[in-house]
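Trainee: Please see the structure below; I have some questions.
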Amino acid sequence: SMQYPEKIWHNGAIKNWAEATTHVMAHAIHYGSSVFEGVRCYDTPNGPAIFRLQDHLKRFYTSAHIYDMPVPFDRAQLTQACKDVIRANNFGKCYLRPVAFRGLGGFGLSADCPTDVAVAVWQMGEYLGQSATDTGIDAMVSSWNRPAPNTIPTGAKAGGNYLSGQLIAREARRLGFGEGIALASTGLLSEGAGENLFLVFDGKLYTTPVSAAILNGITRNTIMVLAKSMGIEVIEQDLPREYLYLCDELFMCGTAVELTPIRSVDGKKIGSGEPGPLTRKMREAFFGLVKGTAPDPHGWLEYL
Ligand code: PMP
C-alpha cells in the first residue's frame, strides 16, 4: 500500500498524517469547492529551496477570491506553514500541496461553510517517469474539450476543474498514451490535462494564450521569462490542432511534469521523434534555475 508522509499542516498546526481529517458531508466533497496549488521544493547547493512559492500562493488566493472563499490564514502564515511541514518531515526535494476547501457548515450550493486549509508534502520524482523526461512522451488529442470561457473559470486552480483533467488523463491512459492534450471550446488548441504547451517553429517558441482556456502556469511563465533572457522569441497565440503535427518540436510544462518533451501526437512523429535542440536548451536552463546551479535574478528560489 501507499506510504504516506509522517506529518501534515492542517488549520494552523502540524499534525500526524492520520489526524488531518474532515467530515464526509464537507461541502467540497459534494460540490468540488476547493482551491489548491502544486509547488516543488528542490535541493540546491545552498540547501532546499521552494520554487516561486510566493507566485504559487498569490495564485492560490486568486483562485479562492474567484469563488468568494475566505482563507483564514494570510500569505506569510501559509509561507511559514509550507516551510514548517517540509522540515517536520525532514524532506529536501519534495512536492507541496496547499489546499483550501469549504468544510462542514451547510448543504446548499451557496452555503457559507468554514474554510479548511491544509498543506501536504510528499516526495515526488519525475511525474511521468524518468524515460518520459529524457526521451519524451506520446500524446493524443483528447475527445474532451476544456470548459468554455463562460462556464467554469480555467484561470482558477479549483478542485472541480480537475474533473475535466481526469477525463482527459484517464482517456489517454486507457488508450495507452502518456498524456492527453485538449482543445478549447473554440476548437483551437488549449493545454494538457495538467500542463501547458510549447510548440517550436523556426527556433521560436509558441504557447497558447490565457484566452484558450488554460491555467496560467507558473512553469509556462518561467519558460517565457527564461527564453526571453536567452534571446529566444516567445509568441502567445491561438493555434489550430494541426500545428501540433507541423511543429519542429513540442513540449509540455508544469510543476509536476517540469519540462517534458512530446515525441508524437496522435501517432504522428514530432520532428525527428527525439527531443529537439530548443527543447533540450530550455530544459537545461530550467533545471539549472530550479536546482540553483544557474543565476536566479528574480529571487525565485525561496530557501527554507
Ligand atoms: N494547466 C493545468 C490544468 C494544470 O493543472 C497545471 C498544473 N498546475 C498547469 C497547467 C501548469 O501550471 P504550473 O506550471 O503553475 O504548475
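Trainee: Can you pull out the residues in segment 207-220 that are near the ligand (Cβ under 8 Å from one of its atoms) and assigned to a loop (DSSP other than H, G, I, E, B)? It would help to see each step written out before you state the result.
Mentor: Kept after step one, since they are near the ligand (Cβ under 8 Å from one of its atoms), are these residues of segment 207-220: 214-220.
Of everything in segment 207-220, those that are near the ligand (Cβ under 8 Å from one of its atoms) and assigned to a loop (DSSP other than H, G, I, E, B) turn out to be ILE214, LEU215, ASN216, GLY217.
Trainee: Please find, within segment 163-181, the residue that is nearest to TYR4 (Cα to Cα) out of those that are touching a residue at least 40 places away in the same chain (Cβ under 8 Å) and under 16 Å from the mean Cα position of the chain (by Cα).
Mentor: Only one residue fits best here, namely LEU163.
Trainee: Let me ask you something else. I'd like the residue in segment 66-76 that is more than 15 Å from SER33 (Cβ to Cβ) and touching a residue at least 24 places away in the same chain (Cβ under 8 Å) and, out of all such residues, is surrounded by the fewest Cβ atoms within 10 Å (Cβ to Cβ).
Mentor: To start, the set of residues in segment 66-76 that are more than 15 Å from SER33 (Cβ to Cβ) comprises 72-76.
Filter once more, so that each one left must be touching a residue at least 24 places away in the same chain (Cβ under 8 Å): 72-73.
On the way: PRO72: 12, PHE73: 18.
Looking at residues that are more than 15 Å from SER33 (Cβ to Cβ) and touching a residue at least 24 places away in the same chain (Cβ under 8 Å), I get PRO72.
Trainee: Looking at segment 31-48, can you tell me whether even one residue there is over 24 Å from MET124 (Cα atoms) and either touching a Leu at 6+ places or on another chain (Cβ under 8 Å) or of a type in the set (A, V, I, L, M, F, W, C) (or both)?
Mentor: Looking for residues that are over 24 Å from MET124 (Cα atoms) and either touching a Leu at 6+ places or on another chain (Cβ under 8 Å) or of a type in the set (A, V, I, L, M, F, W, C) (or both), one finds at least one in segment 31-48, hence yes.
Trainee: Just need a number here: residues in segment 163-188 that are away from the ligand (no atom under 14 Å from the Cβ), hydroxyl-bearing (Ser, Thr, Tyr) and farther than 20 Å from ILE235 by Cα.
Mentor: Of the residues in segment 163-188, 1 are away from the ligand (no atom under 14 Å from the Cβ), hydroxyl-bearing (Ser, Thr, Tyr) and farther than 20 Å from ILE235 by Cα.
Trainee: If the requirement is being more than 20 Å from LYS93 (Cβ to Cβ) and surrounded by fewer than 18 Cβ atoms within 10 Å (Cβ to Cβ), which of these qualifies: GLY273, GLY288, GLY217? Step through it out loud before you land on a result.
Mentor: Numbers: GLY288 fails: more than 20 Å from LYS93 (Cβ to Cβ); GLY217 fails: surrounded by fewer than 18 Cβ atoms within 10 Å (Cβ to Cβ).
GLY273 is the lone residue from the list that is more than 20 Å from LYS93 (Cβ to Cβ) and surrounded by fewer than 18 Cβ atoms within 10 Å (Cβ to Cβ).
Trainee: For segment 10-39, what are the residues that are in contact with a helix residue (DSSP H, G or I) (Cβ under 7 Å, 6 or more places away or on another chain) and either under 23 Å from GLU195 (Cβ atoms) or surrounded by fewer than 17 Cβ atoms within 10 Å (Cβ to Cβ) (or both)? Even if it seems obvious, please write down each step before you answer.
Mentor: Kept after step one, since they are in contact with a helix residue (DSSP H, G or I) (Cβ under 7 Å, 6 or more places away or on another chain), are these residues of segment 10-39: 14, 28, 32-37, 39.
Answer for segment 10-39, where residues must be in contact with a helix residue (DSSP H, G or I) (Cβ under 7 Å, 6 or more places away or on another chain) and either under 23 Å from GLU195 (Cβ atoms) or surrounded by fewer than 17 Cβ atoms within 10 Å (Cβ to Cβ) (or both): GLY32, SER34, VAL35, PHE36, GLU37, VAL39.
Trainee: Pick out the one residue from SER264, SER272 that is among the hydroxyl-bearing types (Ser, Thr, Tyr) and either in contact (Cβ under 8 Å) with a residue 40 or more places away in the chain or under 16 Å from ARG40 (Cα atoms) (or both).
Mentor: SER264
Trainee: Look through SER131, SER190 and report the one residue that is within 27 Å of PRO277 (Cα to Cα) and without any contact (Cβ under 8 Å) to a residue 12 or more places away in the chain.
Mentor: Unique residue meeting the criteria: SER131.
Trainee: Might you let me know whether segment 189-206 holds any residue that is under 15 Å from the mean Cα position of the chain (by Cα), within 13 Å of the ligand (Cβ to nearest atom) and on the phi > 0 side of the Ramachandran plot?
Mentor: no
Trainee: Where in segment 221-304 are there strands (runs of 3 or more DSSP E), lying fully within it, with 3 or more residues that are within 15 Å of the ligand (Cβ to nearest atom) and under 30 Å from ARG75 (Cα atoms)?
Mentor: Values: elements: 234-236, 249-254, 258-265, 301-303.
Because the criterion is at least 3 residues that are within 15 Å of the ligand (Cβ to nearest atom) and under 30 Å from ARG75 (Cα atoms), the strands (runs of 3 or more DSSP E) in segment 221-304 that meet it are 249-254.
Trainee: In addition: Do any residues in segment 275-303 that are on the phi > 0 side of the Ramachandran plot have Cβ atoms under 9 Å from those of residues that are part of a loop (DSSP other than H, G, I, E, B) and of a type in the set (S, T, N, Q), where the two are at least six apart or on different chains, and which pairs are they?
Mentor: Taking only residues 6 or more apart or on different chains, the pairs are GLY292/ASN46.
Every read-out reported here was derived from the displayed coordinates using simple, explicitly stated rules and does not represent laboratory data. These numbers come from a predicted model, not from an experiment. Positions of Cβ are backbone-derived with ideal geometry, glycine not excepted, and every protein chain shown enters the neighbour counts.
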